[in-house]
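So the structure is just underneath, and the comments pick up after that.
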Amino acid sequence: MSTGSLGLLGADLDLTMADVHLRAPRPGWHTRAACADVDDGPFAGRHTFTEEAEQAARDVCQDCVVREECLAFALAHGVRHGVWGGFNHAERRRLRRRWLELRDAEANRRRLAATP
């Protein structure tokens, strides 16, 4: 699962899909995303949207060929808005917390293994 890159650093970025559309270079996977030509309201999520709009966004994500890359990007960059990889912000927050725990545990394991 690749994270894609916008050359952005830090985990506290306030990115939305609209930001991804405006920044260059775009992640390589973005042009292949099922949502690339769809109204990005539920994906950007800067404004409140209905449960129906969120479900419609999830439906677009369901069979997307870059769903994993999209989710990984959102987790890696702390995206706080919208539906990314089929997950809303609250769901991604839980996933990100677990992802960071696993990443830190792996880093600790490697550090201990490298210590003579």
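Read-outs throughout are calculated quantities, based only on the coordinates presented, and are distinct from any laboratory measurement. Because the structure is a prediction, the values reported are computed rather than measured. Because the Cβ atoms are built from the backbone with ideal geometry, glycine has one as well, and the counts that use them run over all protein chains shown.
Out of the residues in the range 50-84 meeting the condition of being in a loop (DSSP other than H, G, I, E, B) and not β-branched (Val, Ile, Thr), tell me which one is surrounded by the most Cβ atoms within 10 Å (Cβ to Cβ).
Among those residues, the one meeting the criterion is 82.
Which residue pairs have Cβ atoms closer than 8 Å, lie 6 or more positions apart in sequence or on different chains, and pair a first residue in the range 65-78 that is under 13 Å from residue 33 (Cα atoms) with a second residue that is aliphatic (A, V, I, L, M) and in a helix (DSSP H, G or I)?
Within 8 Å, the pairs are 71/95.
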